[in-house]
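The values are calculated or read from the model by the stated rules, or taken from the named source; none is laboratory data. Just so it is clear, the structure is predicted and the values come from calculations on it, not from any experiment. Quick reminder, even Gly has a Cβ in these numbers, built from the backbone with ideal geometry, and neighbours come from all protein chains shown. Accessible surface areas use protein heavy atoms only, side chains included; no ligands, DNA or RNA. Shrake-Rupley method; radii C 1.70, N 1.55, O 1.52, S 1.80 Å.
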Amino acid sequence: MLLLALETSCDETSAAVLRVPEPIAKTGKVASNCPPTLTAAPEVLSNVVLSQDEVHAPYGGVVPELASRQHIRSITAIVGEALSRAGVGIAEIDLYAVTQGPGLIGSLLVGLSFAKGLAYYHKKPLLGVDHLEAHLEACFLENPAIAHPALGLLVSGGHTALYLMDEPLSYKLLGRTRDDAAGEALDKIAKFLGLGYPGGPVIEKLAKNGDPKAFPFAVPRTKDRSLDFSFSGLKTGALKLIRENGLTKDDPRLADFLASFEEIVARALVDQVRAAADQVQPRSLILCGGVARNTRLRTRFQDYARRAGLDAYVPSPKLCTDNAAMVGAAALKRFARCPTLSTDLDLDAFAR
Ligand code: KG4
Ligand code: ZN
């Protein structure tokens, strides 16, 4: 069984072709016979991602109207490329999946409308996928046997949240950011210093040889000791340090400053993972979302997991940032649980 997945929720146009082992493919034809989970990970035949970084870089952040227009320009070629890299013809696709939300509404509608058109024309089922669920499921693509309950930290440009996954396909929100997402804080500091967009990778590169203890940052805490996050205080603190020290992008202390900022963001994130793990006693830990590409964060997360004696999983970098393979992974898990054979043309996008 072959699935074509599309992802256009923000500023990446992505298409992926996934293949599922035969036994699961057969259950897809018998709606009443719903197996509880996928028994094997799907095989990713292709996962093509076209980033719009160059389009948005001059503005220091994503411009929604430009993003949706760019998706329209790219999507036909990206789907064609995903099919050709997979060595598959469009008529062979058995199932379609697309990100429904959350994300930029105009961008989401491009992928959704395109997927609806394909599914309708080829008379195949179409599944709408939650973008956050897809980020979490990216981890299971490479590690299908992650033990439940799993505690998942999702850190991206738009979201920072902790989820408890008691069983497959169950996502209980334990805490989330009350203001900025972690990636947003990195992006805003990079923008302020004129370092470029997206900020996370630029900061990581420039901070590489910096001293993470050089600048004094305090770990942010929410007053009520909940599992929520807050990054706006940290961002304001960083802006204050930049002004007080007269830091510019050419300053020799820049690497130290960025390493200190990156370190505090990583520590704030891992501290909340620790607090949540103490409460819910998971068997495994998951780190996902675009910011999970960050080496310092990956290291701090793995260090904590080792000390706590928990198995920790982080997707390979390409599966952390937005991509269609993770959308396909989430769709296949739901489809295996409950195959739908219809195409819901009323499927709507949602921004939040
Ligand atoms: O998951 P994602 O691709 O899109 C959203 O759903 O938001 O995440 C994008 C975010 C951006 O804020 C970007 O700066 C951050 O991920 N990011 C990184 C790295 N690569 C991407 N942050 C830190 N270090 C990186 N290497
Ligand atoms: Zn994302």
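Annotations for the structure displayed:
- Neighbour net charge for residue 150 - beta-carbon separation under 10 angstrom, K R +1, D E -1: -2
- The smallest convex shape that holds all Cα atoms of region 260-352, its convex hull, gives 151 Å³ per residue.
- Residue among 47, 323, 294 with the largest mean-square fluctuation in a Gaussian network model of the chain, springs linking Cα atoms under 10 Å: 294
- Comparing mean-square fluctuations of 231, 261, 114 from a GNM of the chain with C-alpha springs under 10 Å, the top value falls on 114.
- Straight-distance crosslink candidates among lysines, where the alpha carbon sits under 16 Å from residue 191 and sequence neighbours closer than 8 are dropped: 205, 235, 240, 249
- Per residue, the average separation of C-alpha pairs within less than 8 Å and at least 6 apart gives the chain a relative contact order of 26 percent.
- Among 192, 335, 301, the largest mean-square fluctuation in a Gaussian network model of the chain (Cα springs under 10 Å) belongs to 192.
- Rounded to two decimals, the Cα radius of gyration of the chain over 2.2 N^0.38 Å is 1.01.
- Rg followed by Dmax, in Å, when region 124-278 is reduced to its Cα trace: 17.4, 60
- Given a 1.4 Å probe and the protein chains as shown, residue 253 ends up with an accessible area of around 90 Å².
- Of all lysines in the structure, those lying under 24 Å Cα to Cα from residue 123, and not within fewer than 8 positions of it along the same chain, are 26, 29, 333.
- With every protein chain in place and a 1.4 angstrom probe, the accessible-area ranking of 288, 338, largest first, reads 338, 288.
- Coordinate range along principal axes, alpha carbons of region 37-119, Å, largest first: 43, 26, 25
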